[in-house]
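Notes follow once the structure below has been shown.
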Amino acid sequence: TNESNVCQRTRFLESHISQLLLMNNIKVLTVNNGLIDFNDFNDSLVMTLQNRINHEQISIQRKKSKAAIHNLQNDGAYYPGLSKVLGFKKAAGIREVMIDEDNAKMIKEVFNMAKNSHSINAIMKHMNYTYRDNGNKTLLTRTSIKRILKNPIYAGYVYNKNGELIKSKQTNGFIDFSLWKEVNDIVVARKLKNR
């Protein structure tokens, strides 16, 4: 696994540095343990053990952090990278976002056009023509429009790790859920028709 490879490389690097220090008769002064002489077997062993313990501690903390983020996502309290999703921007606090009104207006129009059975190409052309003239530098592609239409975050919902739709605790969104659902039904129906 990746983690065991990193662990092996860390041990190799640690051993290599220890040998260099030993060959060059270098002593290390540390805040916690004072002077460490790599010529002294006990000092060298203590340093090696402490490095291993620190590495294990970092690994444990990393796993706990991943688990905590996983729980937040599963609870609807955290959507990774939401501040970079078109229509949202970063607010003051950690994990806090606010609606980017200019882009939200454009996304609302994308949903309304999709509801009225406009094709993805027609939506793309209209959006890029209309909003480019208003100074908006975001050009929409077919892929980005499909991604927008499928994303429940605009209606204030997210998928948990089991693929279930749950209410977001991070944002209420700015599209009615009924509109999002209707548009997604249209998109799915079009896909089935094109098969």
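The values are calculated or read from the model by the stated rules, or taken from the named source; none is laboratory data. If you're wondering where the values come from, they're calculated on a predicted model, not measured in any experiment. In this analysis, Cβ positions are derived from the backbone assuming ideal geometry, glycine residues included, and neighbour counts consider all displayed protein chains. When the accessible area is computed, the model is the full protein with side chains, heavy atoms only, and any ligands, DNA or RNA have been set aside. Shrake-Rupley method; radii C 1.70, N 1.55, O 1.52, S 1.80 Å.
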Qualifying residue in region 22-30 (condition: assigned to a helix (DSSP H, G or I) and modelled with pLDDT under 70): yes
Number of positions in region 132-166 that are modelled with pLDDT of 90 or more, assigned to a helix (DSSP H, G or I) and either open to solvent by 100 Å² or more (accessible area, probe 1.4 Å) or under 19 Å from VAL97 (Cα atoms) (or both): 6
Selection within region 63-87 - more than 11 Å from GLN170 (Cα to Cα) and open to solvent by less than 60 Å² (accessible area, probe 1.4 Å): ALA67, ALA68, ASN74, GLY81, VAL85, LEU86, GLY87
Residue match in region 105-113 (condition: free of Cβ contacts under 8 Å to residues at least 40 places away in the same chain, loosely packed, with under 13 Cβ neighbours inside 10 Å and over 22 Å from the mean Cα position of the chain (by Cα)): no
Index of the failed condition, ARG95 passing every other in (1) more than 18 Å from GLY156 (Cβ to Cβ); (2) open to solvent by 90 Å² or more (accessible area, probe 1.4 Å); (3) of a type outside the set (Ser, Thr, Tyr); (4) not in a helix (DSSP H, G or I): (1)
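Evaluate region 118-127: report whether one residue or more is part of a helix (DSSP H, G or I), closer than 25 Å to TYR78 by Cα and open to solvent by 30 Å² or more (accessible area, probe 1.4 Å). Full working, then the answer.
Here is the first cut: in region 118-127, the residues part of a helix (DSSP H, G or I) are 120-127.
Applying the additional criterion that residues be closer than 25 Å to TYR78 by Cα yields none.
No, region 118-127 contains no residue that is part of a helix (DSSP H, G or I), closer than 25 Å to TYR78 by Cα and open to solvent by 30 Å² or more (accessible area, probe 1.4 Å).
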Residue match in region 171-190 (condition: open to solvent by 30 Å² or more (accessible area, probe 1.4 Å), at pLDDT 85 or above and touching a strand residue (DSSP E or B) at 6+ places or on another chain (Cβ under 8 Å)): yes
